[in-house]
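Okay, so here's the structure we're looking at.
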There are 2 protein chains.
Amino acid sequence: MYRPMWDRFLRACRREPTDTTPVWFMRQAGRYMAEYRALRAKHSMLEICKTPELALEVTLQPLRLGVDAAILFADILLPLEPMGAPFEFAKGEGPVIHQPVRSRADIERLRVFEPREGLGYVLDAIRLIRRELDGKKPLIGFAGAPFTVASYLIEGGKSSSYRLTKELMWRDPDSWKLLMTKVSEVVRTFLRAQVEAGAQAVQLFDSWVGSLAPEDYREHVQPYVAHILQDLEKTGVPVIHFGTDTTSLLELQREAGGTVLGVDWRLPLDVAWQRIGYDRAVQGNLDPLLLCAPKEVAIARAHRVLERAAGRPGHIFNLGHGIIPETPVETVQAVIEAVHAYARPPAPTE
Amino acid sequence: MYRPMWDRFLRACRREPTDTTPVWFMRQAGRYMAEYRALRAKHSMLEICKTPELALEVTLQPLRLGVDAAILFADILLPLEPMGAPFEFAKGEGPVIHQPVRSRADIERLRVFEPREGLGYVLDAIRLIRRELDGKKPLIGFAGAPFTVASYLIEGGKSSSYRLTKELMWRDPDSWKLLMTKVSEVVRTFLRAQVEAGAQAVQLFDSWVGSLAPEDYREHVQPYVAHILQDLEKTGVPVIHFGTDTTSLLELQREAGGTVLGVDWRLPLDVAWQRIGYDRAVQGNLDPLLLCAPKEVAIARAHRVLERAAGRPGHIFNLGHGIIPETPVETVQAVIEAVHAYARPPAPTE
């Protein structure tokens, strides 16, 4: 019996040839799906994250749409609680950290914990999902990158200016170093533990790093990201290095590491890949809002992304950021089918 | 008697040599100044905009800090009311447009008005400010660019995703064209009227255009911006073409027009200027948050921007976006002084 290539996502991460372009979406398990909303009517976000059976259920929900990988249902802020900075998701406001980290003493109080103790429920969920999925779809684990996580810790939630974060970075570089070192150690050991529990790839989300000038990134962020990524690459699983609004940071992000580099929609994929270098795989880069456009427009634009990948092995189709709640499921499914049906040209031979 | 070069800003816009690098700041009249807060305690934002004597007072407030240009105190949303889409500034929420523009009928109802009738108070303020300033500082007028203004009209306020704006653009390109044509005509005639009333330079604020992929900018936005800028350049006054988050749009923005191109902090100024071309002046590009850093850090980073300008005529020092309310006035003043005191190298001769 014919069985489609179950691991085309993992092969593409390693720039190996695949039968077709693999596709998955950030926030592919989320409010845009009726079955997710039904579960969320009964359980809070944190309840789902902390209950492996529920995390399993939500992680599997989008697989019926035909994506080529499952991504663990969790949140980049989960490490905050065991670090000693609990938070909640306030209705319509996003995360609220009860006692933001503002002073040297606050930073010193933060705990670098053992993932098996502080986040055992995530590792249990990974083991459960792997048992369910094995040989059917690969499972991606993830964590937030140090700058992005630090910005939540300092600002107390999502910020529009990152004022307090940047202020700390410039005003007190020693305390910044201590904070970044602690967060990095938490992230590194957490991702390592996810791989040991069975994650077949991991993604580092540096979602807000695009707010920095390149020289600030180089001095205050890149070393920590490099430390995490280079350690993770030693495990042998593909590591996806993701950010948004990073048009001017791509070379520095590549330098920091990652088997796969994420590219958002602000740069055409061919231009981005050339700048990153063809010795890395790339992931992207449809504007997530295009999934709210008419189906034929979304498909035409997905084709444009695929044309720019030019048949080169090592392209994973994705959005530039997460699916938004208003997205019609039908369009998501249509784009997945269009990506799989696309007839790629032979890869260029440079 | 020695008189410092009063028009160094205008000369730099035309890439003529100046005694030192001119500097002004977006939102230089604003909440970070005690005298502004005192006036706002008595008058609403819209009251100040609509009362030429108050607009004059606020426009002049930051001049004591040593900036090289005054910018008219107004708001990019002022044209909305005479277009038939009134709005207010809700406390802590930013602008709220009472009846957002969502349908073809809504767009058809929008009025393209005569600036002298709909926005006569702005033109009166310009005449009053010019009388006060003449020969002391140049006066900059401004307006919002079509995409940015259209996004407020459609979303009903500031958006984080521009979902409805992009949806309209992709779903109903004909209605999008009609909306952009109407907004562009309002912006073009309003800027022309500002120049006739005495504005010595004008800035087009395309603050949110960086949310677009380059191909969407090229197809759905660039033609309208080009129409406005190329018409305005015929008046002979310098035209500043400003956006944020436009690292991947710079060439397309240059193509659309502008005597001066705005560059935000995400790209080093030398890299940006090379991409834009040395036949245009550039404005920027300090991260506005650096004015909240310790004074010596802010000054060191201002020096870095000036080094990258390399003594080439045609650099106007500015931030990548507006001054935020938490900024200490002393740092603003210190950076202005540091820019003026900076010893520029001789211009390169390519």
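The values are calculated or read from the model by the stated rules, or taken from the named source; none is laboratory data. This is a predicted model, so every value here is computed, not measured. Note that each Cβ is placed from the backbone with ideal geometry, even for glycine, and that neighbours are counted across all protein chains shown.
Worth a mention:
- Taken as a whole, the condition of being more than 30 Å from B:ARG192 (Cβ to Cβ) and either crowded, with 19+ Cβ neighbours inside 10 Å or of a type in the set (Ser, Thr, Tyr) (or both) applies to B:ILE336.
- Inspection of segment B:94-106 identifies at least one residue that is among the small types (Gly, Ala, Ser) and more than 22 Å from B:GLN203 (Cβ to Cβ).
- Restricted to strands (runs of 3 or more DSSP E) entirely inside segment B:235-350, those with at least 2 residues that are free of Cβ contacts under 8 Å to residues at least 60 places away in the same chain and on the phi < 0 side of the Ramachandran plot are B:239-243, B:260-262, B:281-286.
- Residue within segment A:36-50 that is aromatic (Phe, Trp, Tyr) and buried (at least 22 other Cβ atoms within 10 Å of the Cβ) present: no
- The set of residues in segment B:23-50 that are part of a helix (DSSP H, G or I), within 21 Å of the chain's Cα centre (by Cα) and either more than 20 Å from B:LEU78 (Cβ to Cβ) or among the aromatic types (Phe, Trp, Tyr) (or both) contains only B:TYR36.
- Test: residue in segment B:12-22 that is under 21 Å from B:ASP264 (Cα atoms) and over 18 Å from the mean Cα position of the chain (by Cα): yes
- Applying the set (1) buried (at least 24 other Cβ atoms within 10 Å of the Cβ); (2) of a type outside the set (D, E, K, R); (3) within 13 Å of chain A (Cβ to nearest Cβ) to B:GLY258 leaves exactly one unmet item: (3).
- Taking the criterion of being surrounded by 24 or more Cβ atoms within 10 Å (Cβ to Cβ) and basic (Lys, Arg), the only residue of segment A:265-292 that qualifies is A:ARG266.
- Selection from segment A:275-298 of residues that are more than 10 Å from every other protein chain (Cβ to nearest Cβ) and under 17 Å from A:HIS315 (Cβ atoms): A:ARG275, A:ILE276, A:GLY277, A:TYR278, A:ASP279, A:ARG280, A:ALA281, A:VAL282, A:GLN283, A:GLY284
- Segment B:154-163 - residue that is more than 9 Å from every other protein chain (Cβ to nearest Cβ) and part of a helix (DSSP H, G or I) and, of those, surrounded by the fewest Cβ atoms within 10 Å (Cβ to Cβ): B:GLU155
- Matching residues in segment B:51-77 - criterion: being surrounded by fewer than 24 Cβ atoms within 10 Å (Cβ to Cβ), of a type in the set (D, E, K, R) and not in a helix (DSSP H, G or I): B:ASP75
- Criterion violated by B:GLY120 - all others in (1) farther than 23 Å from B:GLY322 by Cα; (2) in contact with a Phe, Trp or Tyr (Cβ under 8 Å, 6 or more places away or on another chain) satisfied: (2)
- Residue under evaluation B:ILE240, criteria (1) among the aliphatic types (A, V, I, L, M); (2) in contact with a helix residue (DSSP H, G or I) (Cβ under 6 Å, 6 or more places away or on another chain); (3) closer than 20 Å to B:THR148 by Cα, criterion not met: (2)
- Check on A:ARG111, over 17 Å from the mean Cα position of the chain (by Cα), outside any helix (DSSP H, G or I) and more than 14 Å from every other protein chain (Cβ to nearest Cβ): yes
- Some residue of segment A:222-232 being within 14 Å of another protein chain (Cβ to nearest Cβ) and either surrounded by fewer than 24 Cβ atoms within 10 Å (Cβ to Cβ) or modelled with pLDDT under 95 (or both): no
- Count of residues meeting criterion [at positive phi and either among the basic types (Lys, Arg) or touching a Lys or Arg at 6+ places or on another chain (Cβ under 8 Å) (or both)] in segment B:162-203: 1
- Screening the candidates A:ALA74, A:ALA34, A:ALA69 for the property of being under 22 Å from A:TRP208 (Cα atoms), modelled with pLDDT of 95 or more and touching a helix residue (DSSP H, G or I) at 6+ places or on another chain (Cβ under 8 Å) yields one hit, A:ALA74.
- Residues satisfying the criterion are present in segment B:197-215 (criterion: within 17 Å of the chain's Cα centre (by Cα), surrounded by fewer than 24 Cβ atoms within 10 Å (Cβ to Cβ) and assigned to a helix (DSSP H, G or I)).
- Under the condition of being touching a His at 6+ places or on another chain (Cβ under 8 Å) and closer than 17 Å to B:SER151 by Cβ, the residues counted in segment B:87-110 number 1.
- Residue match in segment A:323-343 (condition: hydrophobic (A, V, I, L, M, F, W, C), within 12 Å of another protein chain (Cβ to nearest Cβ) and touching a helix residue (DSSP H, G or I) at 6+ places or on another chain (Cβ under 9 Å)): yes
- Scanning segment A:91-107 for any residue that is within 30 Å of A:ILE336 (Cβ to Cβ), out of contact with any helix residue (DSSP H, G or I) (no Cβ under 6 Å at 6 or more places or on another chain) and buried (at least 17 other Cβ atoms within 10 Å of the Cβ) turns up at least one such residue.
- Test: B:SER175 is part of a helix (DSSP H, G or I), within 14 Å of chain A (Cβ to nearest Cβ) and either hydroxyl-bearing (Ser, Thr, Tyr) or surrounded by fewer than 19 Cβ atoms within 10 Å (Cβ to Cβ) (or both): yes
- Considering residues of segment B:317-350 that are in contact with a Gly (Cβ under 8 Å, 6 or more places away or on another chain) and of a type in the set (A, V, I, L, M) only, the residue modelled with the lowest pLDDT: B:ALA347
- Of residues in segment A:261-274 being out of contact with any Gly (no Cβ under 8 Å at 6 or more places or on another chain) and at the interface with chain B (Cβ under 9 Å from one of its Cβ atoms), the one nearest to B:LEU249 (Cα to Cα): A:LEU267
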